[in-house]
1. Read through the list (1) outside any helix (DSSP H, G or I); (2) within 21 Å of residue 12 (Cβ to Cβ); (3) open to solvent by 70 Å² or more (accessible area, probe 1.4 Å), then give the number of the only condition that residue 122 fails.
2. Could you list, in sequence order, all residues of the stretch 6-16 that are touching a residue at least 60 places away in the same chain (Cβ under 8 Å) and closer than 14 Å to residue 72 by Cβ?
3. Condition first: closer than 16 Å to residue 95 by Cα and without any contact (Cβ under 8 Å) to a residue 12 or more places away in the chain. Now tell me which residues in the stretch 127-153 satisfy that.
4. Quick one: is residue 50 open to solvent by less than 40 Å² (accessible area, probe 1.4 Å), small (Gly, Ala, Ser) and assigned to a strand (DSSP E or B)?
5. Can you name the number of the only condition in (1) within 26 Å of residue 34 (Cα to Cα); (2) out of contact with any Pro (no Cβ under 8 Å at 6 or more places or on another chain) that residue 127 fails?
6. Hey, among the residues in the stretch 73-104 that are modelled with pLDDT under 95 and closer than 25 Å to residue 14 by Cα, which one's least open to solvent (accessible area, probe 1.4 Å)?
7. Using beta carbons and a limit of 7 Å, which pairs, at least six apart or on different chains, have the first residue in the stretch 17-44 and within 9 Å of residue 62 (Cβ to Cβ) and open to solvent by less than 40 Å² (accessible area, probe 1.4 Å) and the second one polar (S, T, N, Q) and part of a loop (DSSP other than H, G, I, E, B)?
8. Being in a strand (DSSP E or B), under 20 Å from residue 107 (Cα atoms) and in contact with a strand residue (DSSP E or B) (Cβ under 8 Å, 6 or more places away or on another chain) is the filter here; which residues of the stretch 10-31 pass it?
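The values are calculated or read from the model by the stated rules, or taken from the named source; none is laboratory data. All of these numbers come straight from a predicted model, not from anything done at the bench. Here Cβ is always computed from backbone atoms with ideal geometry, including for glycine, and neighbour counts include all displayed protein chains. Accessible surface areas use protein heavy atoms only, side chains included; no ligands, DNA or RNA. Shrake-Rupley method; radii C 1.70, N 1.55, O 1.52, S 1.80 Å.
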Amino acid sequence: MSDRHLIVLNVNGEAHEALVEPRKTLLDVLRHDLGLTGTHVGCEHGVCGACTVLVDEEPVRACLMFAVQAESAEVRTVESLGQDGELSDLQRSFSEHHGLQCGFCTPGFLMLAEGFLAQRPDAGREEIREAVSANLCRCTGYQTIVDAIEATATRRCHAAKKEATA
């Protein structure tokens, strides 16, 4: 009897096979088996949010989810945000609004924000502030992170309205 399972994970739109122990976390498979190191290891207790990824478009702490649990899901990591070497609008906003300092927590905040804005594209500042309180940052004080997410929400809403009237 084998204590390892062959699973197929759909990560960033691509299928990946991995032979994993049932106890191996999604975080470890992403980083060590698939080489997607943008998802950071922080507290390993689900508190800090550095390992946040989207699982079926919902923000999830990858350190708290077993890889075998993600087998039938669509997983997105921070590597999915940019296209053809270009930053996404959210990534550009973080840069423009200085929403990062050391950068360690940034991938988690980006994925949290991406999932949040997909659910609440017209979110106000207080809703954004509440959402980002789920992740920890020791450098920025959150103000610039909130500014970046709010700017992205505003741009996306304007673009959606413009597209709807075109």
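1. (2)
2. So the first thing to find is which residues in the stretch 6-16 are touching a residue at least 60 places away in the same chain (Cβ under 8 Å), and the list is 7-13.
Hits for the stretch 6-16 are 7, 8, 9, 10, 11.
3. The answer is 141, 143.
4. Values: open to solvent by less than 40 Å² (accessible area, probe 1.4 Å): yes; small (Gly, Ala, Ser): yes; assigned to a strand (DSSP E or B): no.
No.
5. Residue 127 satisfies every listed condition except (1).
6. Restricting to residues being modelled with pLDDT under 95 and closer than 25 Å to residue 14 by Cα, the top hit is 82.
7. Partner pairs satisfying both residue conditions: 27/39; 30/39; 30/77; 39/77.
8. 10, 11, 25
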